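Every number here is computed from the coordinates shown, using simple stated rules; none is lab data. Please read all numbers here as calculations on a predicted model, not as lab measurements. Please note: Cβ atoms are built from the backbone with ideal geometry, for glycine as well, and neighbour counts cover all protein chains shown.
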Amino acid sequence: MIKNNIITLITNKSDCGKRIDQYLSQNTELSRQRITELISDKAISYNNKLVAQKNLKLNGECENIKITIPPLKTELLEPENIPINILYEDDDLLVINKQPNLVVHPGAGVNSGTLVNAIMYHCGDRLSGIGGHLRPGIVHRLDKDTSGLMLVAKNDKSHVHLSQQFQDHGRTGNLERIYLAFVWGIPKLKKGRIETQLSRSDNDRTKISVTMNPEKGRKAITDYQIIEKYHTRNNEPLASLVRCKLYTGRTHQIRVHLDYIGNPVVCDKKYGKGFITKTKMMSENSRTQLLNLDRHALHSSKISFLHPSNNETMTFEAALPHDLLILKNILSEI
């Protein structure tokens, strides 16, 4: 529950033994880093006492936890008139069809040219501040090179409501997220479920990898279905268009999962480098056009969710953008 910029949560028996930062990251939109910041800022209380340590253990006996959301800090960010494609807007939220090559929120020294800068320009001071001064309004994210549908919260109540739906990811609720991906090769099964544990790679901290250690990783579930298959003139399997449905929302989840089954996303420079040899099966002209695609071929195509104010189911769809339609034509004409 959120009221007057205060989030109130009540624990139950299933929470016994959890660290407070773990519990809050599971039951709110807040990241563990953000939770640590709020503890340092004396913004979190446990049974009416300020929390001093993030490793505080819960006993699961209806403990009362309150988080006071501080005013949104935007001193590091400036609104920028960056064009964005807004499909829907009301007092609670925005639905955006994000263009590729647009970073969602600032980080690692980047504080301009992002979607956050764009929505600050559009919304002014009407954005949710739960995410902190670097992520106002952002409920979930897409990778820089991924195009398609995103939600933005315009107030804290909407932020909490939508974030809870994203944490559940349609396992028991109404949230549904569908992606379209062009992948190298053709998956062995027409449709299937990929269920693994994902964690940061030990060799490259910018990458995510599948781990067999359940204590190290976080569960990730993706359903996929082949939509179209593409073959060479010699009828050799070249690529596929697959539909992916998320049941969790881990960083790089679809890209890592498709690579895990041997079918990485086309033009994915992080996870699909080794498959660039597939382009040798193409004509010189088709190969050149494909290599001109300056991002990976992944698109957020459909999203359904409950509206935070009236609980009505809302569904939005976004067709493949121009660059991926060109890719589709290239693969279809080989």
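What fraction of the DSSP beta bridges in the chain is antiparallel, stated in percent and rounded to the nearest 5? Write down the numbers at each step before the final one.
Numbers: 65 of 67 bridges.
Percent antiparallel among DSSP bridges in the chain is about 95.
Summing +1 for each Lys or Arg and -1 for each Asp or Glu, what net charge is found among the other residues whose Cβ lies under 9 Å from the Cβ of HIS105? Intermediate values should be presented prior to the final figure.
Details: positive: ARG135, ARG141; negative: none.
It works out to a net charge of +2.
Taken along its principal axes, the alpha carbon cloud of segment 71-156 reaches lengths of 31, 30, 21 Å, longest axis first. Structural descriptor for segment 124-235: relative contact order 16 percent, calculated from alpha carbon pairs under 8 angstrom and at least 6 residues apart. Residue separation of ARG19 and ARG200 scaled by 0.36 nm, minus their Cα-Cα distance, works out to 63.1 nm of gained length.
Enumerate by residue number the trypsin sites (Lys or Arg not before Pro) in segment 27-69 meeting two conditions: DSSP loop (anything except H, G, I, E, B), and at most 12 other Cβ atoms within 10 Å of the site's Cβ. Here the sparse-neighbourhood loop sites are LYS42.
Structural descriptor for segment 30-188: relative contact order 19 percent, calculated from alpha carbon pairs under 8 angstrom and at least 6 residues apart.
The calculated 222 nm mean residue ellipticity attributable to helices in the chain amounts to -5500 deg cm²/dmol, summing -39500 (n - 2.57) over DSSP H runs of n ≥ 4 and dividing by all residues.
Just to be sure I follow the definition: excluding the sites themselves, where is the longest run in the chain that has none of the GluC sites (Glu not before Pro) in a DSSP loop with at most 13 other Cβ atoms within 10 Å? After excluding every exposed loop site, the longest remaining stretch is 76-214.
If only the Cβ of Lys and Arg carry +1 and only the Cβ of Asp and Glu carry -1, the dipole of segment 172-264 around its Cα centre is close to 120 debye. Restricting attention to segment 140-183, which trypsin sites (Lys or Arg not before Pro) occupy a DSSP loop and are surrounded by at most 13 other Cβ atoms within 10 Å? Counting only loop positions with at most 13 other Cβ atoms within 10 Å, the trypsin sites (Lys or Arg not before Pro) in segment 140-183 are ARG171.
Taking N as the residue count of segment 2-68, its C-alpha radius of gyration divided by 2.2 N^0.38 Å amounts to 0.98. Distance from the C-alpha centroid of segment 254-296 to that of segment 113-130: 34 Å, rounded to the whole angstrom.
Relative contact order for the chain: what is it in percent, counting Cα pairs under 8 Å that are at least 6 residues apart? Relative contact order, the chain: 14 percent.
Where does the chain land on the Kirkwood hydrodynamic radius, alpha-carbon pairs, in angstrom? Before the final figure, lay out each step's value.
On the way: mean 1/r = 0.0468 Å⁻¹.
Result for the chain stands at 21.3 Å.
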